[in-house]
Amino acid sequence: MASAKTRKRNPYRTFEGPALAEIAFPLGGIGTGTVSLGGYGNLRDWEIFNRPSKGLLLPYTFFAIRCRPRGARPITRVLEARRRPPYTSSHGLAPAQVMGLPRLARATVQACYPLITVRFRDKHLPVRVELEAFNPFIPLNEKDSGLPVAVLRYTVTNPGKRLVDVSVVGSLQNAVGQDGQIPRTACCGPAAKTGLGANRNEYVELPNLAGLRMTGSKYAPDQPPFGSMALATLYDGQKTYLTDWAEPGWWDACQRFWDDFSDDGRLDNARASGDPSPDGQTHQASLGCIATIPPRAKRQFTFLIAWHFPNRVNTWNTQAAVAGKIIRNWYATQFNDAWDVCRYVADEFDRLESQTRRFVDTLAAGTLPPAVIDAAGSQASTIRTNTCFRAEDGRFYGFEGCSDHVGCCPMNCTHVWNYEQAVAHLFPTLERTMRLTDFEHNTEDDGFMTFRTLVPLCEDLRGSGDLAAADGQMGCLLKLYREWQLSGDRQWLARLYPHAKRALEYAFNHDGAWDADRDGVMEGVQHNTYDIEFRGPNPMMSALYLGALRAMAAIAREMNDPQAADDYDKLFASGSAKLDQTLWNGAYYVQKDVDVTKRKYQFGQGCLTDQLLGQWFCHVAGLGHVLRPKRVRKALRSIFKHNFRESLADHASVQRAYALNDEAGLLLCTWPNGGRPPFPFPYADEVWTGCEYQLAAHLIYEGLVDQGLRIVQAVRDRHDGLRRNPWNEFECGSHYARAMSSWSLLTALSGFAYSAPEQRISFAPRITPRDFRCLFTTGSAWGLFTQKQKARTLTATIDVRYGELPLRQLDLTCPGAKRPPGRCKLSQGKRSLDVEVHRQGAGLALSPYDVVTVVPDSPLRIVVEKK
């Protein structure tokens with residue numbers, strides 16, 4: 001059973017003490033890169049230069065506060081909590097990190113992505129300080145969720161009885177010319193030469209915005225290092241600034257800045273040189289806000305850190321056609337420079353913030369367990385890391401993950417991205433561009449689909465060589481169906497259908513076909529996400545194949561291709577029956593017709609966690625069961641029983657370790673009945689969070705809710721801020737795309753399904769059905785679904801909070817659904833709606849006589865009563 005810890009509701013996760021060490025909360029937009037907020041309130045991992053940059057710190061970049069109660073001495077502190085040990089460094093902690101400057105005693109972090117709050121505490125500070133940070137995140141709005149900016153709001157409260165003079169200042173290096181690599185520094189004196197130089201900072205003040213515009217003239221606009229940065233504030237009170245810390249000598253510039261700021265809370269810009277920086281060097285600049293805070297009052301100081309680096313270089317491929325080529329970022333087509341970004345954010349700030357908060361409030365309002373909300377929200381952050389980017393033409397691309405300084409396993413890997421559900425449900429327009437690439441560019445005339453994409457897109461060059469991935473190719477057909485259902489875009493579907501048809505029929509039409517005998521079960525050489533080839537019939541590949549057949553049969557009918565639809569249906573029926581007949585061992589599905597003692601990297605009689613991956617995807621896409629439901633549930637129970645370990649202390653693995661010691665985790669494969677191959681597939685003994693979330697969601701879909709929630713809780717317990725960063729689940733690289741399978745936990749627990757072509761939405765809560773709330777998203781709207789059951793009455797509400805949701809049918813799970821309801825009422829505001837009611841399985845189908853469009857502030861209310 002799920003523990004009280006699993007079910008207790010508090011969607012904002014809290015961290016303090018040792019649990020602050022690994023926190024790095026990414027701030028940035030889709031395709032823009034990020035800077036991360038550390039658990040101490042520090043800025044770290046400056047990954048804004050079109051590449052991963054784990055560990056990159058910008059020198060002398062920090063915020064500080066100076067406060068003086070009237071009649072008392074002033075106090076100046078860096079606005080960060082004190083670091084915890086160790087303090088080891090061969091030459092002492094670097095001056096550029098200003099670790100020797102006084103900080104605040106402690107901090108507590110609370111977060112629900114994309115919002116994070118750091119509450120500082122220090123008994124010697126006469127004020128209380130709180131930092132809230134975010135980047136606009138508005139599902140279905142790709143532009144406003146793709147802004148290269150971090151918003152930092154410091155709230156300073158005066159709890160005392162005297163006026164307090166306060167200055168809050170931010171300092172930022174102009175890093176134009178930085179290539180994202182960690183620079184080599186000497187033990188003392190100046191740093192080694194870099195790409196910096198000819199950088200200039202300018203103070204600009206507008207009615208609603210003031211700050212520092214940071215530019216460089218060393219590089220032409222089409223060169224990779226070209227770009228700009230900005231440090232700005234929305235504060236409408238008194239400001240102070242310093243465009244250049246200029247002071248030659250050792251660390252004299254920082255000393256002078258600190259002394260100047262500590263003296264009176266104001267900065268003396270008269271000493272700034274105003275000249276461009278010498279070659280290999282750059283300028284530091286500072287911007288501050290000044291206020292006098294009355295007793296028991298507070299002031300807010302909102303800062304923006306923006307960046308604009310238009311030119312991404314392909315550093316991840318070696319093929320001459322793409323290696324070293326420039327890929328212009330989509331956001332660079334929307335804004336001229338970083339200051340332009342700040343102006344847009346300032347002009348639209350109230351809307352951007354309110355819509356972001358509305359999303360967070362909707363997600364947090366759910367009655368789902370906190371671990372589920374945390375898992376879904378935290379991994380949505382991956383969309384905005386360097387795992388993903390958006391090219392000038394608007395197409396969305398993704399690595400598998402990020403190495404420390406380069407993207408890992410490029411690009412749009414079909415089998416890894418099979419698991420991802422967050423982009424598809426939050427930003428479906430971007431997901432559809434991936435299908436354009438899959439089918440129009442990567443699918444050849446014979447149906448072969450390369451499972452990796454070379455960018456910039458180029459003809460006649462396969463990103464994955466001569467291998468096609470059986471799981472990735474079949475998964476792309478399920479994704480095509482999912483995108484059609486979420487969007488209802490028939491024209492888009494018709495455009496891709498011929499390519500999709502070839503991709504499906506490649507399974508049985510080419511030499512060495514996966515299903516050469518056309519029986520609906522794959523037996524051929526099947527390359528897959530474990531980076532090896534399975535041989536012979538196995539459940540993982542064939543369940544995906546069955547899902548693809550069912551999806552394509554439905555698409556073929558929509559495309560008026562009845563012969564293809566009938567052929568796919570027959571093949572599906574054959575394959576479903578044969579898979580059950582030949583691969584079922586009484587407890588789960590196994591691999592057959594392979595001698596694991598002679599052929600490496602198979603699983604044979606093993607219990608594979610991903611054996612029902614295709615069935616999970618079919619549930620997410622609304623395609624129902626492709627295998628016998630009772631056997632599916634029994635197989636899932638077996639996987640949980642054998643593969644989930646409450647402790648890995650006795651687990652022996654020579655493979656990569658993602659969970660260890662007393663941690664709980666789900667192994668990719670076990671052999672409960674013996675027969676483990678001498679050399680099973682290379683990752684069999686590992687724990688992958690993307691597979692854990694996938695299996696957890698599938699358990700929930702099949703009614704095994706407690707087991708699913710136990711797995712989710714185990715993952716979140718491992719990512720506790722001490723052992724791992726809660727906003728970075730790594731596999732083959734940080735911010736790994738597979739972990740975005742966590743979004744399916746929401747669809748599973750809510751029983752959500754949506755068909756835009758049919759204008760039909762369905763809910764069947766699998767947890768707390770008598771008092772249930774959950775965020776839902778479709779291709780045109782998102783909002784909150786609420787359901788309450790009291791005695792003989794069920795009341796449900798669909799509250800759209802963004803977009804528009806046209807509905808012809810609403811499916812609900814209702815008490816006593818086997819009998820006709822006594823009364824059913826639909827209403828929108830004061831308007832009652834005529835409705836036709838049909839029994840449907842364990843629920844009811846409610847069809848208004850006219851299409852109902854649900855919009856913000858006009859929820860749809862449903863009341864169903866028993867007779």
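The values are calculated or read from the model by the stated rules, or taken from the named source; none is laboratory data. Quick caveat: nothing in here was measured; it's all calculated off a predicted structure. Cβ: placed from backbone, ideal geometry, glycine included. Neighbour counts: every protein chain shown. For accessibility, only protein heavy atoms count, side chains too; no ligands or nucleic acids. Shrake-Rupley method; radii C 1.70, N 1.55, O 1.52, S 1.80 Å.
Things worth noting here:
- Full extension of the segment from Val851 to Lys570, taken as 0.36 nm per residue of separation minus the current Cα-Cα distance, would add 97.6 nm.
- Using the Cβ-Cβ distance between Asp595 and Thr333 with R0 set to 56 Å, the FRET efficiency from 1/(1 + (r/R0)^6) comes to roughly 0.50.
- When the alpha-carbon atoms of the range 432-491 are used, the pair Rg, Dmax equals 11.9, 34 angstrom.
- Net dipole in debye of the range 259-396 [+1 Lys, Arg Cβ; -1 Asp, Glu Cβ; about Cα centre; nearest 20]: 600 debye
- Carbon + sulfur, % of accessible area of the chain - ligands and nucleic acids excluded, 1.4 Å: 47 percent
- Nearest-0.05 FRET efficiency for Asp445 and Ser90, computed from C-beta distance (R0 56 Å): 0.40
- For peptides 197-205, 103-111, 653-661, sequence by mean Cβ density within 10 Å, most packed first: 103-111, 197-205, 653-661
- Acute angle (nearest 10 degrees) that the helix 490-509 long axis makes with the longest principal axis of the chain, alpha-carbon atoms: 60 degrees
- Where only C-alpha atoms are counted, convex hull volume of the range 674-833 per residue in Å³: 197 Å³
- The angle between the Cα long axis of helix 470-487 and the longest principal axis of the Cα atoms of the chain comes to about 80 degrees, rounded to the nearest 10.
- If R0 is 60 Å, the Cβ-Cβ spacing of Leu660 and Lys867 corresponds to a FRET efficiency of close to 0.55.
- Potential lengthening between Asp165 and Glu16 on full extension [0.36 nm per residue; Cα-Cα distance subtracted]: 50.7 nm
- Protection proxy ranking of 545-553, 154-162, by the mean of other Cβ atoms within 10 Å over each peptide's residues and highest first, is 545-553, 154-162.
- Cross-link table Lys790/Lys867; Lys788/Lys825; Lys54/Lys218, entries beyond 20 Å C-alpha to C-alpha: Lys54/Lys218
- For the range 85-225, Kirkwood radius (reciprocal of mean inverse C-alpha pair distance, Å): 19.5 Å
- Over the range 369-409, the pair-distance histogram of Cα-Cα distances with 5 Å bins from zero comes to 5, 21, 21, 20, 16, 10, 5, 1 percent, rounded to whole numbers.
- Solvent-accessible area per residue, Å², over the range 644-787 with all protein chains present [probe radius 1.4 Å]: 28 Å²
- Legend: P(r) of the range 743-819 from all alpha carbon pair distances, 10 Å bins from 0, whole percents, reading 18, 54, 25, 3.
- Across the range 245-250, computed HN-Hα scalar couplings (Karplus, 6.51 cos²θ - 1.76 cosθ + 1.60, θ = phi - 60°) run 6, 2, 6, x, x, 2 Hz from first to last residue, x flagging Gly and Pro.
- On Cα atoms only, tilt of 562-583 relative to the major axis of the chain in degrees: 90 degrees
- Each helix, a run of at least 4 DSSP H residues, gives -39500 (n - 2.57); summed and divided by the residues of the chain, these come to -7500 deg cm²/dmol at 222 nm.
- The length gained on full extension between Trp258 and Asp771, counted as 0.36 nm times the residue separation minus their Cα-Cα distance, comes to 179.2 nm.
- With 10 Å bins from 0: P(r) over the chain, alpha-carbon pairs, percent: 2, 12, 21, 24, 19, 12, 6, 2, 0, 0
- Selection from Thr292, Cys254, Gly324 lying farthest towards where the dipole of the range 246-333 points positive, charges on Cβ: Gly324
- Neighbourhood net charge (9 Å Cβ-Cβ; Lys/Arg +1, Asp/Glu -1) for Gln334: 0
- When each of the peptides 590-602, 328-340 is scored by how many other beta carbons lie within 10 Å of its residues on average, the order from highest to lowest is 328-340, 590-602.
- Kirkwood hydrodynamic radius over Cα pairs of the range 277-363, then Stokes diffusion coefficient at 10 °C and 1.306 mPa s, in µm²/s: 90 µm²/s
- Using only side-chain charges placed at the Cβ, +1 for Lys and Arg and -1 for Asp and Glu, the dipole size of the chain relative to its Cα centre rounds to 3900 debye.
- Distance from the range 823-861 to the range 526-589 (C-alpha centre basis), Å: 37 Å
- Projected label distance in nm at Asp404 and Trp250, using a 7 Å step from Cα toward the beta-carbon: 3.0 nm
- Kirkwood-type hydrodynamic radius, the range 385-476: 13.3 Å, calculated from all non-identical alpha-carbon pairs.
- Scaling the Cα radius of gyration of the range 427-544 by the globular reference 2.2 N^0.38 Å produces a ratio of 1.04.
- Alpha-carbon centroid distance for the pair the range 97-114 / the range 200-275, whole angstrom: 23 Å
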